[in-house]
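Any read-out appearing in this document is the output of simple, stated calculations on the displayed coordinates, not a laboratory observation. Small disclaimer: the values here were computed from a predicted structure and weren't measured. Heads up, the Cβs are rebuilt from the backbone with ideal geometry, glycines too, and the neighbour counts pull from every protein chain shown.
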Amino acid sequence: MAPREAATPSAKVVRFPDRKKNREQHRITRIVPEHDGLCILYSHHALSREKLFAGKILCWGIQENGEVVALLPWLSSVTRCTDLKDPASGRWEGYYNPATGAIFETAPAPKIAELEAAHRYYHQSDSQKGANATPVQEIADNIGSHAACIIGQHLALHEVQSWQLLGNGEFQAMLADPQKQTSTPILPGDSCLYAAQSQAGFRYFFQYHIANQIKAGDPIAVRAVERLLEH
């Protein structure tokens, strides 16, 4: 029997070096906090097909390729809004200013200018540190983020004090160890802080309104958390 020619694959094949280069181009290199209360708008068909939902922006980040995007805690990591693409679980639809009602699709010009200047100024020193897990920046949490951890058979909610941007573009949520706390308020870089992701029981991040509903025993919020923890 004559050998058959291999079928041409219908899906685009991406070589591993290209994937690595693509990840590097999207690596977050610098961040600036969001202090004006801006939000992202996202659709979530599991919750409603008629409504859009708002999520508070933690900070703005500039990628290695120069693109500026909003970042926020989403499930178990800090996520670029542009990575939210699944309408069943959350798809980014734009930015939103609650103070004016304005909806827009690109980062505000002042944030772009600030991040581009910081990227140029710090790029050489950041490059020398390498794309590793060394902290590059640390900013205070300004949106009431909480980390949900399983301790024994119980769910514990811890306030996130600050966020570290690492050289590899990943984020660490910093929690306070009350046994090591010696002063108040707790500022970024305090010796009592430790990374939430270093704990085996860490599961998810919640913004303050959801965390407060869970603390208050709201049945809908509690059931939603229980479903999340089952996965």
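Observations on the model:
- Spatially close Lys pairs in the chain, defined by Cα atoms under 25 Å apart and a spacing of eight or more places or different chains, total 14.
- Couplings 3J(HN,Hα) for the range 64-79, derived from phi with the Karplus relation 6.51 cos²θ - 1.76 cosθ + 1.60 (θ = phi - 60°), are 4, 7, x, 6, 9, 9, 7, 10, 8, x, 9, 6, 10, 8, 8, 10 Hz, where x marks Gly and Pro.
- Within the chain: Cβ-based charge dipole about Cα centre, in debye rounded to nearest 20 (Lys, Arg +1; Asp, Glu -1): 660 debye
- Averaging the Cα positions of each part gives two centres, and for the range 150-186 and the range 44-105 these lie 23 Å apart.
- Between Glu114 and Arg227, the FRET efficiency estimated from the beta carbon spacing at R0 = 35 angstrom works out to 0.35.
- Residues with amide H under 5 Å from that of Val136, placed H, sequence gap 5 or more: Leu165, Leu166, Gly167
- Distance between the modelled labels on Glu170 and Asn65, one decimal in nanometres: 2.2 nm (7 Å Cα→Cβ projection).
- Only DSSP H runs of four or more residues enter the estimate; each adds -39500 (n - 2.57), and after division by the residues of the chain the mean residue ellipticity at 222 nm equals -7000 deg cm²/dmol.
- Taking amide H as placed 1.01 Å from N in the peptide plane, Tyr95 has its amide H under 5 Å from the amide H of Leu41, Phe104, Glu105, each at least 5 places away in sequence or on another chain.
- Max mean-square fluctuation residue, GNM over the chain, Cα-Cα springs under 10 Å, options Ala54, Ala147, Ala173: Ala54
- Computed E for Arg23/Asp218 - FRET, C-beta separation, R0 35 angstrom, nearest 0.05: 0.35
- Computed over the range 58-108, relative contact order equals 21 percent, with contacts defined as Cα pairs under 8 Å that lie 6+ residues apart.
- Which of Arg203, Arg30 has the fewest Cβ neighbours within 10 Å, and the rest in rising order: Arg203, Arg30
- With contacts taken as Cα pairs under 8 Å and at least 6 residues apart, the chain reaches a relative contact order of 16 percent.
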